[in-house]
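First up is the structure itself, then whatever we jot down about it.
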Amino acid sequence: MPKITDYEPIVGINTVEELRILAGKLQGKVIQNINSTAVGGGVAEILNRMVPLLQELGVDARWDFIKGGESFFNATKKFHNALHGKSEEITPQMFEIFMETSQRNIDEVKIYGDIMFIHDPQPIVLVKKKDSMPNSKWIWRCHIDVSTPNKQVWDFLTPFIHQYDGAVFSAPGFSQPLPIRQFLISPSIDPLSDKNKDLPQETIDKVLEKYHIPKDKPIITQISRFDYLKDPVGVIEAYRLVKKRIDCQLIIAGGTATDDPESTKVFAETKEAAGSDTDIHILPIPSGSDIEINALQRASTVIVQKSLREGFGLTVTEALWKAKPIVASSTGGIPLQVKHKYSGLLCHSVSGAAFAIKQLLNSPEYAKRLGENGREHVRQNFLLTRHLKDYMLLFLCMYHPEDVVYL
Amino acid sequence: MNALNKAKEPFKFYTQVSIPELTGLKAANIQELLDLIKTVPGSVIYHHTHRFLQQHQYLSPEPPNDFAYWITGILGEEELGEALYSIDTIQYTTIRELRDEIIRTIENCIVQHPRSLHKFATPGEEFHFVKSVSFIFQTPYTASDLEEFQAVLQRVTINSIYFHMFESRLRIGRGTNDFSNWLEDSLSEKKLANKIASLDPYTHTMENLRITLIKLIEKRIVKSMEKPSEAELAFPKP
């Protein structure tokens with residue numbers, strides 16, 4: 001696991017120095033993170049990296065979990081999808097199961113933090129313990145895109161959210177009318193992880209060899225799950241429009257979940273759309289192959305993210321960090337990362353994507369400049385160190401209601 | 001006189017970091033945007049006219065405010081966008097004055113182009129009002145003369161330079177930037193202080209601004225090392 005000093009060459013010694021000063025301002029405060037699992041899923045991934053780094057900076061950050069049975073997690077999975085705006089059948093029984101397990105956790109989970117940092121809906125009801133800890137501050141961290149939430153689930157959660165001192169969302173469009181303070185904290189990538197660290201050219205070449213991808217023509221790539229919302233067939237259509245004018249190849253690579261029938265279906269449809277074109281490489285990448293994803297991104301001439309809907313779009317962040325010119329849909333968190341014509345090109349359609357890809361392939365100098373801008377934008381805003389800073393400021397906000405705070 | 005002075009008071013470098021706080025307010029057209037600009041807290045206006053300075057370290061400066069960016073990019077009102085881009089922020093010493101100028105610019109445009117009122121952002125592309133919560137704290141760095149000052153400027157974060165050049169002037173309401181104040185008051189470097197005060201920092205990237213400041217100071221240091229001319233020796237300044 002990287003140490004905080006390992007980030008100094010990337011973000012600057014002075015930035016890490018500022019983090020240490022901020023950590024000093026949280027002396028004596030215990031931050032208790034609570035979520036539902038230690039492994040698997042984005043939240044656990046973030047906490048696995050953030051908690052040790054906060055501790056190394058001198059913040060007394062800790063991490064505990066709630067417990068729940070299969071029926072509880074089935075219900076919360078449905079809640080999760082419904083909050084994302086997906087159509088789900090939510091039954092009264094699910095709410096009952098949710099409340100029963102929540103009550104057990106209220107009785108069993110030890111609550112001791114000065115700041116209680118509760119992640120996502122699963123442990124949300126723990127806030128009922130707030131009254132028994134009068135000096136504690138409670139923050140609800142919503143990692144979900146709740147821009148168009150299922151009303152039934154949102155209304156059920158609302159009375160609990162109102163009891164918190166603050167809530168955190170990942171994009172401005174996710175915020176809801178609430179009587180508590182709401183903060184904006186974007187996700188981040190770890191520049192030292194396998195998915196993002198620098199790779200030697202030999203590693204990149206080996207991965208290309210493994211997947212039989214020649215280096216003789218430009219490579220357009222989309223990295224994403226095989227999911228309708230990522231529009232892989234739309235990417236193939238855009239590639240075909242580009243191919244009429246510029247000889248190039250296309251990689252569509254990402255994970256397929258064997259337990260997700262939709263993903264298998266989308267994969268099959270994508271394969272079918274590719275037909276017999278040998279310049280299209282549809283690659284199911286097994287989970288845990290982060291270095292392969294990293295290599296494919298680095299080998300690409302242009303990276304595409306033609307999603308129809310997107311949460312934050314961390315694959316875009318990863319591509320920008322590799323200084324790649326990007327063509328991406330203007331949806332979800334993507335416009336926060338890609339400013340049109342500054343750090344990439346935004347599109348709204350297949351033909352728009354194709355036009356932008358052609359522009360970048362035909363103007364390598366322009367493409368290079370966009371890529372470099374993108375990398376600097378990520379360095380400043382979407383690396384783990386910025387996330388650490390935001391979390392510490394969030395904790396400090398609990399003790400400072402004013403807009404300008406002198407520490 | 002070219003010699004460098006020791007400061008009466010050392011310059012203490014502070015820094016500033018901020019976290020965005022969501023207001024839950026959003027606008028889908030120019031009228032809604034205008035109505036909210038008139039009523040939101042000053043911290044919101046500050047956020048949307050300054051956040052780009054710290055967040056967008058592009059190789060070239062980014063368009064200088066979110067209102068202009070949204071009006072141009074989402075509503076397609078390029079003329080109004082340009083009018084907002086070109087507001088000379090440096091000439092305003094309070095958020096109130098800056099807000100009034102933004103309001104005046106939008107109102108003028110609506111009078112000239114009433115059709116602009118009929119343009120709506122598609123769902124998901126509305127303008128979201130956000131405010132900046134700033135935390136200000138002292139760094140370990142101080143400077144007592146120009147050479148130390150130049151050395152520290154190379155070392156501190158862009159957040160520190162940002163605080164002394166922008167935030168203290170406009171948000172804290174000190175009227176001019178902290179560097180110029182100190183150079184003039186504690187080092188009697190009036191000419192250098194004026195040069196820095198007359199920069200338009202909004203058209204620089206922060207790293208570029210750092211280099212510009214360092215170069216100005218360097219020039220002054222080099223000048224201090226030059227031998228005085230015969231005329232200066234013959235007629236020394238009192």
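Points to keep in mind about this one:
- Search result, residues across the stretch A:373-399 that are closer than 23 Å to A:Gln55 by Cα and at the interface with another protein chain (Cβ under 8 Å from one of its Cβ atoms): A:Arg379, A:Gln380, A:Asn381, A:Lys389, A:Asp390, A:Leu393, A:Leu394, A:Leu396, A:Cys397
- The set of residues from the stretch B:3-57 being assigned to a loop (DSSP other than H, G, I, E, B) and surrounded by fewer than 20 Cβ atoms within 10 Å (Cβ to Cβ) comprises B:Ala3, B:Leu4, B:Asn5, B:Lys6, B:Lys8, B:Glu9, B:Pro10, B:Ala28, B:Asn29, B:Val40, B:Pro41.
- Qualifying residue in the stretch B:117-128 (condition: among the aliphatic types (A, V, I, L, M) and over 13 Å from B:Tyr46 (Cα atoms)): yes
- Unmet requirement for A:Leu383, which otherwise passes all of (1) within 15 Å of the chain's Cα centre (by Cα); (2) more than 30 Å from A:Val43 (Cβ to Cβ): (2)
- Matching entry among A:Lys230, A:Lys244 (being of a type in the set (D, E, K, R), under 19 Å from A:Asp277 (Cα atoms) and open to solvent by 10 Å² or more (accessible area, probe 1.4 Å)): A:Lys244
Let's see how each residue does on (1) within 30 Å of A:Val59 (Cβ to Cβ); (2) modelled with pLDDT under 95; (3) of a type in the set (Ser, Thr, Tyr); (4) assigned by TED's automatic domain parsing to the domain that holds A:Ile46:
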| position | (1), (2), (3), (4) |
| --- | --- |
| A:Lys86 | no, yes, no, yes |
| A:Asn105 | yes, no, no, yes |
| A:Gly113 | yes, no, no, yes |
| A:Phe117 | yes, no, no, yes |
| A:Val125 | yes, no, no, yes |
| A:Lys130 | yes, no, no, yes |
| A:Pro134 | yes, yes, no, yes |
| A:Lys137 | yes, no, no, yes |
| A:Ile144 | yes, yes, no, yes |
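- A:Thr37 vs. criteria of a type outside the set (Lys, Arg), away from chain B (no Cβ under 14 Å) and under 25 Å from A:His377 (Cβ atoms): no
- Only one of the numbered conditions (1) over 26 Å from A:Phe174 (Cα atoms); (2) open to solvent by 30 Å² or more (accessible area, probe 1.4 Å); (3) of a type in the set (Val, Ile, Thr) is not met by B:Ile74, and that is (1).
- Within the stretch A:55-71, residues that are in contact (Cβ under 8 Å) with a residue 24 or more places away in the chain sit with their Cβ atoms under 6 Å from residues that are in a strand (DSSP E or B), at 6+ positions apart or across chains, in these pairs: A:Asp60/A:Val30; A:Ala61/A:Ile31; A:Arg62/A:Gln32; A:Trp63/A:Asn33; A:Asp64/A:Ile34.
- Filtered residues of the stretch A:248-293 (kept if at pLDDT 95 or above, over 15 Å from A:Ser224 (Cβ atoms) and of a type in the set (S, T, N, Q)): A:Gln249, A:Ser276, A:Thr278
- For the stretch A:323-354, filtering for residues that are in contact (Cβ under 8 Å) with a residue 40 or more places away in the chain and either part of a helix (DSSP H, G or I) or open to solvent by 50 Å² or more (accessible area, probe 1.4 Å) (or both) leaves 6.
- Of all residues in the stretch B:67-96, those satisfying the criterion of being within 15 Å of the chain's Cα centre (by Cα) and not in a loop (DSSP other than H, G, I, E, B) are B:Tyr85, B:Thr89, B:Ile90, B:Gln91, B:Ile95.
- Residues in the stretch B:127-154 that are part of a strand (DSSP E or B), more than 10 Å from every other protein chain (Cβ to nearest Cβ) and of a type in the set (Gly, Ala, Ser): B:Ala143 only.
- Qualifying residue in the stretch A:294-302 (condition: within 11 Å of chain B (Cβ to nearest Cβ) and either hydrophobic (A, V, I, L, M, F, W, C) or open to solvent by less than 30 Å² (accessible area, probe 1.4 Å) (or both)): no
- Looking only at residues in the stretch A:150-183 that are open to solvent by 20 Å² or more (accessible area, probe 1.4 Å) and among the aliphatic types (A, V, I, L, M), the one that is farthest from the other protein chains (Cβ to nearest Cβ) is A:Ile180.
- The stretch B:6-28 - residue that is closer than 27 Å to B:Thr157 by Cβ and more than 26 Å from the chain's Cα centre (by Cα) and, of those, nearest to the other protein chains (Cβ to nearest Cβ): B:Lys8
- Residue within the stretch B:161-173 that is farther than 22 Å from B:Val44 by Cα and hydroxyl-bearing (Ser, Thr, Tyr) present: no
- Meets criteria (among the hydrophobic types (A, V, I, L, M, F, W, C) and either surrounded by fewer than 17 Cβ atoms within 10 Å (Cβ to Cβ) or within 9 Å of chain B (Cβ to nearest Cβ) (or both)) for A:Leu370: no
- For the stretch B:181-234, filtering for residues that are at pLDDT below 90, open to solvent by 80 Å² or more (accessible area, probe 1.4 Å) and under 19 Å from B:Phe13 (Cα atoms) leaves 1.
- Among the residues of the stretch A:303-335, those identified as among the charged types (D, E, K, R) and under 14 Å from the mean Cα position of the chain (by Cα) are A:Arg309, A:Glu310, A:Glu318.
- Looking at the stretch A:7-123, the helices (runs of 4 or more DSSP H) lying wholly inside it that each contain 1 or more residues that are under 19 Å from A:Val153 (Cβ atoms) and open to solvent by 50 Å² or more (accessible area, probe 1.4 Å) sit at A:70-83, A:92-108.
- In the set A:Leu383, A:Leu396, A:Leu407, A:Leu388, only one residue is under 30 Å from A:Ser136 (Cα atoms), surrounded by fewer than 18 Cβ atoms within 10 Å (Cβ to Cβ) and not hydroxyl-bearing (Ser, Thr, Tyr); that residue is A:Leu407.
The values are calculated or read from the model by the stated rules, or taken from the named source; none is laboratory data. Remember, predicted model here, so these are calculated numbers, not experimental data. All Cβ positions, even for glycine, are placed from backbone atoms using ideal geometry, and neighbour counts span all protein chains on display. Just so you know, the surface numbers come from the protein's heavy atoms only, side chains and all, with ligands and any DNA or RNA stripped out. Shrake-Rupley method; radii C 1.70, N 1.55, O 1.52, S 1.80 Å.
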